[in-house]
Amino acid sequence: MLAPAWLDLFEQYGVTVGVSLDGPPGANDRHRLTHSGRSSTAATVRGIELLRSRPHLFAGLLAVVDLANDPVEVHDHLAAFEPPVIDFGLPHATHDDPPYRTDPRAPEYGYWMSRVYDTWLARPRWRHSIRMLEDIVALGSGVRGSVETLGLAPPTSVVIESDGSVEGVDTLRSVEEGASRLGLDVFRHSFDEALSHPKMLHRRYGTAALAEKCQGCPVVAVCGGGYLPHRFSADGGYRNPSVYCADLEYLIRHVQSSLRRHDWTPGAVPPESDHALEGTE
Ligand code: SF4
């Protein structure tokens, strides 16, 4: 439970805090219940309000896309907390354990995120960033993105566990036991060692490390083959297109055609990057 004493500690060590919230109570309670099966939403919102009392410690909100939730309602609910960033993530899934869809032939996650994009664009009063969408804009303009779920740039971040161990892509745990472990810790190893670990090199090889379909894909510079865990299958390892392939392509094309409608040709760096595209409401 977040308390003012924690904020003092974060202040002391320069730690900023991101909070997971999937939307309004009905949306958040689908998956984020306490161990006793109760709603965690009220306690989470209290924590967010506490963080907002010292906005420089508030890193933003993280939400997992759930097709059962309305994207506009989710976006507007999260935006009302005035986070600097909203980070939408696609649910953990692999080719052996594919994501839930109501229509397997439709890019439903692409539709969902496209509606978030349209809403974000249509509400210029909000100043938050939406990391996935800004990265699609940035990568399409030849600018390096900020997340490891898109693009081809080598990774620049690691995960520190509470016991001091250093891990790579921690969500690889959803793929197989131990997949995220590097065998390193903060007591004996440097972060440079972590970033040059063989398990972290998958993105150093650019398109050569991707599935054949991705290598010839017109949006590969933006998509990068998708997030590493989402490519996994027991047969092909990580050399598959993402399980969200059609969703990512749909979303990237949706964003890029919107940019063109705003006379911003993908490939040209915009004059300013702070949510510069303002639509009409
Ligand atoms: S859109 Fe599909 S084929 Fe293209 S790079 Fe992404 S995962 Fe690969």
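The values are calculated or read from the model by the stated rules, or taken from the named source; none is laboratory data. Keep in mind that what you see is a predicted model, and the values were worked out from it rather than measured. Neighbour counts run over all protein chains shown; Cβ positions are idealised from the backbone, glycine included. What goes into the accessible areas is simple: the full protein's heavy atoms, side chains included, and nothing from ligands, DNA or RNA. Shrake-Rupley method; radii C 1.70, N 1.55, O 1.52, S 1.80 Å.
Just a few scattered comments:
- DSSP-loop trypsin sites (Lys or Arg not before Pro) across segment 2-41, with at most 12 other Cβ within 10 angstrom: Arg38
- When the charge dipole of the chain is built from unit charges on Cβ atoms (+1 for Lys and Arg, -1 for Asp and Glu) and taken about the Cα centre, the candidate among Ser174, Leu133, Ser190 whose Cα reaches farthest toward its positive end is Leu133.
- Averaging 1/r across all pairs of distinct Cα atoms in segment 155-203 and inverting the result yields a Kirkwood radius of 10.8 Å.
- A probe of 1.4 angstrom, applied to the heavy atoms of all protein chains, finds Val143 with accessible area near 60 square angstrom.
- Farthest toward positive dipole pole in the chain [+1 Lys/Arg, -1 Asp/Glu at C-beta], among Gly14, Ser258, Ser40: Ser258
- Global form of segment 21-143, assessed from the alpha-carbon gyration tensor, a/c cut-off 1.5: oblate
- Assuming charge only on the beta carbon of Lys and Arg (+1) and of Asp and Glu (-1), the dipole of the chain about its Cα centre is about 320 debye to the nearest 20.
- Ranked packing of 58-64, 230-236, most packed first, by mean Cβ within 10 Å: 58-64, 230-236
- For Phe58, distant residues with modelled amide H under 5 Å away: Val17
- Size of segment 151-257: Rg and Dmax of its alpha carbons, in Å, are 15.0, 49.
- At most 14 other Cβ within 10 Å, DSSP loop - trypsin sites (Lys or Arg not before Pro), segment 129-202: Arg144, Arg188
- Normalised contact order of segment 155-203, rounded percent, pairs of Cα under 8 Å and 6 or more residues apart: 36
- Pair-distance profile P(r), taking every C-alpha pair of the chain, with 5 angstrom steps and integer %: 1, 5, 11, 14, 17, 18, 16, 11, 5, 1, 0
- Zone of Phe187's modelled label, taken as backbone nitrogen in segment 155-175 under 15 Å from a point 7 Å along Cα→Cβ: 161-166
- Projecting the Cα atoms of Val72, His31, Leu62 onto the dipole axis of the chain, where Lys and Arg carry +1 and Asp and Glu carry -1 at the beta carbon, places Val72 farthest toward the positive end.
- Considering only the chain, percent of DSSP beta bridges that pair antiparallel, nearest 5: 40
- Once the Kirkwood radius over Cα pairs is known for segment 176-224, the Stokes-Einstein relation at 20 °C and 1.002 mPa s delivers a diffusion coefficient of 166 µm²/s.
- With both labels modelled 7 Å from their Cα along Cα-to-Cβ, the Arg173 to Ser53 distance reads 3.1 nm.
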